[in-house]
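This report concerns only the one structure given below.
The values are calculated or read from the model by the stated rules, or taken from the named source; none is laboratory data. Because the structure is predicted, anything quoted here is derived from the model rather than measured. Note that each Cβ is placed from the backbone with ideal geometry, even for glycine, and that neighbours are counted across all protein chains shown.
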Amino acid sequence: MIYTVTPNPAIDITIYIDTLERGKVNRSRYFLIDAGGKGINVSKVIKILGGKSKVLGFLGKENSSWFTKYLQDMKLDFDFVLVEGFTRTNIKIVEEKDKAYTDLNQNGFEITEKDKNVLLDKLKTLANPNDIFVLSGSLPSGVKADFYVEIIRLLKRKGAVVIFDADGAALKYGLEGNPDILKPNINELQSVLTLNEENPLAIARSAKSLFQKGVKKVLVSMGDKGAVFVTEQISLYSKGIPVEVKSTAGAGDSMVAAISYGLSKGMNDEEIFKLAVACATAKVATEGVKPPTKKEIERFLKKIKLERLVM
Ligand SMILES: Nc1ncnc2c1ncn2[C@@H]1O[C@H](COP(=O)(O)OP(=O)(O)O)[C@@H](O)[C@H]1O
Ligand SMILES: O=P(O)(O)OC[C@H]1O[C@](O)(COP(=O)(O)O)[C@@H](O)[C@@H]1O
């Protein structure tokens with residue numbers, strides 16, 4: 001079973017505008033609204049791929065009904081710990097003329113010690129050997145930066161496989177829990193290790209140094225420059241696939257969806273990586289924080305040529 005854990009979900013509002021002018025009254029052309037947050041986006045794409053997952057995490061009581069209806073309409077299975085307050089609203093600004101994509105993410109609700117323990121107990125009850133747990137996104141207020149370490153250790157004790165995608169302090173601390181698979185973007189990778197050059201081989205070599213921490217596979221995404229995938233067996237690079245960008249939000253999450261779905265289906269590293277790049281590219285070509293269609297993913301899958309990196 002695949003479980004996605006999103007401690008800090010978000011209502012994502014994607015605003016389409018020609019050019020954003022700072023300090024002026026701006027008028028958008030149109031906007032889209034989606035239930036989001038990293039693990040939730042992962043579950044959306046797993047569903048499109050034909051897989052099954054369960055959405056876990058915290059959710060603000062005050063605006064939970066809109067959020068859960070969105071997930072029900074997508075036929076996603078969920079089991080949130082409801083907490084006091086509102087789930088945050090994150091703003092994604094797409095400047096169509098300037099081709100600039102800006103995210104304005106909020107902090108989110110405040111978690112109590114009791115909420116935290118309810119989630120930990122739920123994870124303890126659900127986790128079985130070989131289950132796949134995706135832990136992703138920022139942490140809400142009220143939990144310490146090492147919250148992911150606590151979760152990763154608990155899940156690994158149960159024999160589950162942990163895929164981890166976070167940034168900042170949550171990423172630095174989380175690494176101490178020895179997650180199995182990491183999906184940093186290039187900036188997140190640079191925040192945890194030194195990278196003197198930004199070419200695929202140098203990125204692969206540096207990413208491999210994370211194997212000392214017990215990590216077994218690392219997928220480093222580099223926006224339109226593509227991605228690098230290193231595992232114990234192989235190191236691969238894919239160029240970015242040219243695409244008309246509708247929204248970059250959720251591109252990284254789509255890669256995580258492909259990794260977890262691919263693992264659950266026993267795909268090999270090359271198949272997983274191709275699927276990850278196809279899902280991410282198809283997401284970028286999709287508006288708002290909506291999942292891409294299966295047809296779009298299959299269309300991009302045909303365009304991906306992997307390059308083997310000789311280490
Ligand atoms: N402008 C773009 N053009 C083509 N592909 C893109 C573009 N932006 C992102 N992607 C695809 O999505 C993947 C993830 O994007 P990235 O921005 O690196 O991740 P994150 O959302 O985690 O920051 C990239 O590796 C690439 O395959
Ligand atoms: O938890 P964080 O780091 O604030 O990120 C949350 C945001 O990331 C997203 O999950 C998109 O993530 P990616 O673009 O990295 O795939 C949005 O849905 C959400 O608003």
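Some notes on this structure:
- Candidate set: region 216-248, residues that are of a type in the set (A, V, I, L, M, F, W, C) and surrounded by 22 or more Cβ atoms within 10 Å (Cβ to Cβ); chosen: the one nearest to residue 186 (Cα to Cα): 220
- Filter result for residue 296 (more than 10 Å from ligand 1 (Cβ to nearest atom) and either modelled with pLDDT under 95 or touching a Gly at 6+ places or on another chain (Cβ under 9 Å) (or both)): no
- Only one entry in 97, 69 is modelled with pLDDT under 95 and on the phi < 0 side of the Ramachandran plot, namely 97.
- Pairs, first farther than 25 Å from residue 85 by Cβ in region 139-160, second assigned to a loop (DSSP other than H, G, I, E, B), C-beta under 6 Å, six or more apart: 152/179; 155/127; 158/127; 159/129; 160/127; 160/131
- Residues in region 49-67 that are more than 17 Å from residue 108 (Cβ to Cβ), among the hydroxyl-bearing types (Ser, Thr, Tyr) and surrounded by fewer than 21 Cβ atoms within 10 Å (Cβ to Cβ): 65 only.
- Residue within region 256-267 that is touching an Asp or Glu at 6+ places or on another chain (Cβ under 7 Å) and without any contact (Cβ under 8 Å) to a residue 24 or more places away in the chain present: yes
- Checking each residue in region 27-48 for being farther than 28 Å from residue 109 by Cα and more than 16 Å from ligand 1 (Cβ to nearest atom) picks out 27, 29.
- With respect to being of a type in the set (D, E, K, R) and at pLDDT below 95, residue 114 falls outside the description.
- Residue ID - nearest to residue 1 (Cα to Cα), chosen from residues in region 11-57 that are of a type in the set (D, E, K, R) and without any contact (Cβ under 8 Å) to a residue 40 or more places away in the chain: 27
- Helices (runs of 4 or more DSSP H) (entirely within region 150-267) containing at least 2 residues that are of a type in the set (Gly, Ala, Ser), more than 16 Å from ligand 2 (Cβ to nearest atom) and within 29 Å of residue 127 (Cβ to Cβ): 251-264
- Restricting region 183-216 to residues that are touching a strand residue (DSSP E or B) at 6+ places or on another chain (Cβ under 6 Å) and in contact (Cβ under 8 Å) with a residue 40 or more places away in the chain, the residue that is nearest to residue 168 (Cα to Cα): 185
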